[in-house]
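Structure first, commentary second.
The values are calculated or read from the model by the stated rules, or taken from the named source; none is laboratory data. Remember, it's a predicted structure, so these values are computed and weren't measured experimentally. Neighbour counts run over all protein chains shown; Cβ positions are idealised from the backbone, glycine included. Heavy atoms of the whole protein, side chains included, go into the accessibility calculation; ligands, DNA and RNA do not. Shrake-Rupley method; radii C 1.70, N 1.55, O 1.52, S 1.80 Å.
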Amino acid sequence: PTSWVVAAMSALNISLSNALTGAELSSITARSTDTVFHLHAAVAQALGGNKGFKLLLADVILEPSSDSLEVAGLKQDVALQVVACANRARFRRIGTACPGSHGYHIHDTSIRRMHANELGKFFMAWHRGFFGDSYDSRNRYPAQQTGSPCVHEVAIVDVAQTTPEPIEGPWIRDHIDVPSSSPLVTVPGHRGWMGVLGLFDYCPVLAETASGIDEFGETASIVLRGSDGSSETLWRQDEDAQLLEAFGGKLCRTQGFFSKERFFVLACLQADMSYVLLEGVLQRHDDSSHSLNFNKWARQDDGVITCESFAGVEFLGTDLAETAVFMHVGNGAVAIFPLNTLKGRLCLSEEDSGRCSSVGYDPLTAGIYLFLDLFSQCEPPCKVYRIRAPECVAAVDLNYDRSSMQLICKPNFEVERYGEHACVLGVAYDFLTDCLIALDGEHGFWSLPLKDARSQEATEEGDDTHLEDLPED
């Protein structure tokens, strides 16, 4: 029949070879009526799912389009050359965390990231209250009906461990218990996340005051709380003569950060709200006991940490050679703290960062990623800018230039429906996958491969084209 002849004539055999070496990679069959979009999808499948390539037809790039192969010039069997390149940088949604299943609600408490000594973890912490013996067996009725006092504690969840898909429906994420198997750490006391310095082998490291754990104040001791509820004292202020002499026992420890064997702690002096950065070593001994010793500290100059509250300060990480600590010090400003002195200085000001809400850091290149929260706009809700570190400059000497800021992607983060309507709750670097991971305002969990972001050229401000928008076969 004539239709068979036409179909046979429209079939194309396409061979694929490496544009640099000439080595044959694969071959595919397509129809002349297929679109160039479909051709790219077929080539990606033939190359094992790799989408980081360009196709050359007679030394001309064959860009993805809705044109048919015949219109694009593929009218007979043809050989295409493949040029390997990085994928376009974009955040991919990898799941949804459900802190609501563990008692989080935006009206009741703020949520923030909690650092740990283990790689590949993304802990978030918040305060919760309930009536009853435990949260799992809690009584949902008001205290005056139950006769029991309200119990307060800090809940800490590794949102990277389990990211179940959300149950659809209004209010579901914040008001209904969604089953979750995320490992959960709890700390008794009405402290919010203040005084929980971090997690060491899943055990919270706590800054205790002389009067107890239910208030923020001068740190009398630092303890490690075991999974069985036991407490081991790691450090006591009255036994540290040097720190006692330097600050008179007035330091209030606020948060910590682990970097291999080092443990950094940010503290403040409430009298003038100045800041002190301390470096110590938290060790596990052969007899399973632990100890913490601070061997270096430095009081920071005015203007280094610019936020009004220590709640806005976030440890970002160290450079690859571990010569400096990088810290988001509020409203997009970034400071560098050389490890030989711990005296910080601003390397990116609030003004130059655009007063962004969150900052990501690439320890392999010392690149900075700025998350500009645009929740007041319909779309996009967020823009991510990259500032590359200057070449051949030591980490301790880095300064980031606003003129080199480049827009690399516009992630479709969801905006928080209550509270401050933020679209980014937390950002972190994951050493295990070499990705920036982010938690959006509705607890969506996202991942940005930095192998793509490092080589991504600047995206035009008006360019709303995304790879995820391309049609699939």
- Message: Being acidic (Asp, Glu), modelled with pLDDT of 90 or more and surrounded by fewer than 17 Cβ atoms within 10 Å (Cβ to Cβ) is the requirement here; does GLU24 meet it?
- Response: yes
- So VAL36, is it open to solvent by 60 Å² or more (accessible area, probe 1.4 Å), of a type in the set (A, V, I, L, M, F, W, C) and either over 30 Å from LEU450 (Cβ atoms) or without any contact (Cβ under 8 Å) to a residue 60 or more places away in the chain (or both): no
- Query: Hey, among the residues in the stretch 87-146 that are among the basic types (Lys, Arg) and closer than 30 Å to ALA44 by Cβ, which one's modelled with the lowest pLDDT?
  - Reply: ARG88
- Residues (within 14 Å of ASP440 (Cβ to Cβ) and open to solvent by less than 10 Å² (accessible area, probe 1.4 Å)) located in the stretch 381-408: PRO381, CYS382, VAL384
- Residue check: is GLY198 within 25 Å of PHE431 (Cα to Cα) and open to solvent by less than 30 Å² (accessible area, probe 1.4 Å)? yes
- Note on the structure: Note on the stretch 449-473: residues charged (D, E, K, R) and at pLDDT 85 or above are ASP452, ARG454
- Among the numbered criteria (1) touching a strand residue (DSSP E or B) at 6+ places or on another chain (Cβ under 7 Å); (2) exposed (fewer than 13 other Cβ atoms within 10 Å of the Cβ), which single criterion is violated by GLU457? (1)
- Query: Does the stretch 323-333 hold any residues that are closer than 16 Å to ALA394 by Cβ, crowded, with 19+ Cβ neighbours inside 10 Å and not small (Gly, Ala, Ser), and which are they?
  - Reply: VAL325, PHE326
- Message: Restricting to the stretch 176-206, name every residue that is at pLDDT 90 or above, closer than 23 Å to GLU239 by Cα and of a type in the set (A, V, I, L, M).
- Response: LEU197, VAL205, LEU206
- Take the residues of the stretch 445-454 that are closer than 14 Å to ARG90 by Cβ and not in a helix (DSSP H, G or I): which is most open to solvent (accessible area, probe 1.4 Å)? ARG454
- Task: Looking only at the stretch 365-375, decide whether some residue is out of contact with any strand residue (DSSP E or B) (no Cβ under 6 Å at 6 or more places or on another chain), at negative phi, assigned to a loop (DSSP other than H, G, I, E, B) and at pLDDT 90 or above.
- Result: yes
- Task: Scan the stretch 383-399 for residues that are of a type in the set (D, E, K, R) and at pLDDT 95 or above and report the count.
- Result: 2
- Message: Considering only residues that are surrounded by fewer than 20 Cβ atoms within 10 Å (Cβ to Cβ), within 15 Å of the chain's Cα centre (by Cα) and of a type in the set (D, E, K, R), which ones fall in the stretch 409-441?
- Response: ASP430, ASP434
- Top-ranked residue in the stretch 232-241 [being touching a residue at least 24 places away in the same chain (Cβ under 8 Å) and surrounded by fewer than 19 Cβ atoms within 10 Å (Cβ to Cβ); ranked as nearest to the chain's Cα centre (by Cα)]: GLU232
- Query: Of all residues in the stretch 260-273 being open to solvent by less than 10 Å² (accessible area, probe 1.4 Å) and not aromatic (Phe, Trp, Tyr), which is modelled with the lowest pLDDT?
  - Reply: CYS268
- Pair list, Cβ < 6 Å and 6+ apart or interchain, from the stretch 48-73 residues that are part of a strand (DSSP E or B) to residues that are modelled with pLDDT of 90 or more and not hydrophobic (A, V, I, L, M, F, W, C): LEU56/GLN81
